[in-house]
Structure formats: structure tokens, C-alpha cells
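Notes follow the structure.
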Amino acid sequence: MWFCLVDEGGSLCREAQYRDNMSDAVEFRKAGQQSFAVVDDVLWMKFQGEYTPDEARELLGIADDIYRKRGRVFLFADLTHLKVFGPETRRALATWKYLGTYTGVAFGVSLPLRAIGQLVLGAQRLLGLGPALNGEVFSDEAAARAWLDAERKRLDHKSP
């Protein structure tokens, strides 16, 4: 399996062993204080502290690049250490011009973050932006990874 680290100068791709815990398999880069790595059609993200609008726009731009190259993108998010984020970040997420439907899978989601997620999805529907984000939430990384693997296989079998 290959993984690519995306930066302003392009991407640096290396071969990596696929492991049960993705954080053991790849070197993560930074978008503000958030960490990310790109592996095939998956944007792996580890959040901590406050999630800012600039970080949201940077990560969504990377997701757009993956979507353009692969025709789909999965957003895999470890939200264990993420604090509740403010209205400007919610606005950035809700009003982003998504290229298609992005599939998200998250774990470590607190009750307040679940509520914010529902507000963002509701705002997208209200603004007529459609279901730009589809997602599932799990209690732990193993369950989230299992769902992601199964969903990718399901979609691979649907593609001609």
C-alpha cells in the first residue's frame, strides 16, 4: 500500500505496511495543530484542541484533491482530543462547496461534538447544499476501521 503526504510542493509518496492502527503505519503532517495523512482515497485525521476555520478549509481542500484524483474520499477522524469548535468553523464546514458526497467515519466523539455535527448537517440541508457529508460514528478506532474497510470494499464492488 502507498501513502502520500501532501504539502504545498506536491506530495511525497512512500510504500507503507498496512497495520491495524493507522497511526503506526504512516507519518502524519500538520494542518495548524491538527494532524493528517493521505492514504489512497482516505484522509486520516487526528484532532486535538480547538478546530479553527483555517484548519477546516485546509483539510477540506486536501479532501477535494483526493476526490478529484480518486472520484471519492473517505474522512477518517480521531476526535478523542478535539474540543468543541466555534460558529466560524461550523460555518466553514457547512458552506464548503463539496465536489460530491464525502464519507466520514469518526471515533472518540463526545456528546457535544455529536450535537454540533447534527447542526452542521442540518445547515447544509437548509442551505440546499445537499448531503455533502455522509458519516458514521463509532466508540473506538477498531470498529471505525472495520466499517471503513467494509464500505470501501462495498463501493469497489459497485464500481464498473
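Values quoted throughout were computed directly from the atomic coordinates according to the rules given, and no laboratory measurement underlies them. Keep in mind that this is a model prediction, so the values were computed, not measured. Methodologically, a virtual Cβ is constructed for each residue, glycine included, from the backbone with ideal geometry; neighbour enumeration extends over all protein chains shown.
Which order do Asp140, Asp40, Asp156 fall in if you start with the one that has the fewest other Cβ atoms within 10 Å?
Values: Asp140 11, Asp40 14, Asp156 8.
If I rank by nearby Cβ atoms, fewest first, I get Asp156, Asp140, Asp40.
Arrange the following residues from fewest to most other Cβ atoms within 10 Å of their Cβ: His81, His157. List each step's numbers first, then the result.
On the way: His81 10, His157 7.
By the 10 Å Cβ count, ascending, the order reads His157, His81.
Can you grab the distance from the C-alpha centre of the range 73-100 to the C-alpha centre of the range 36-58, Å, no decimals?
When both Cα centres are located, 8 Å separates them.
Taking neighbour Cβ counts within 10 Å as the exposure measure, how do Glu27, Glu58 sort from fewest upward? Intermediate values should be presented prior to the final figure.
Details: Glu27 12, Glu58 16.
Listed from fewest to most nearby Cβ atoms, that is Glu27, Glu58.
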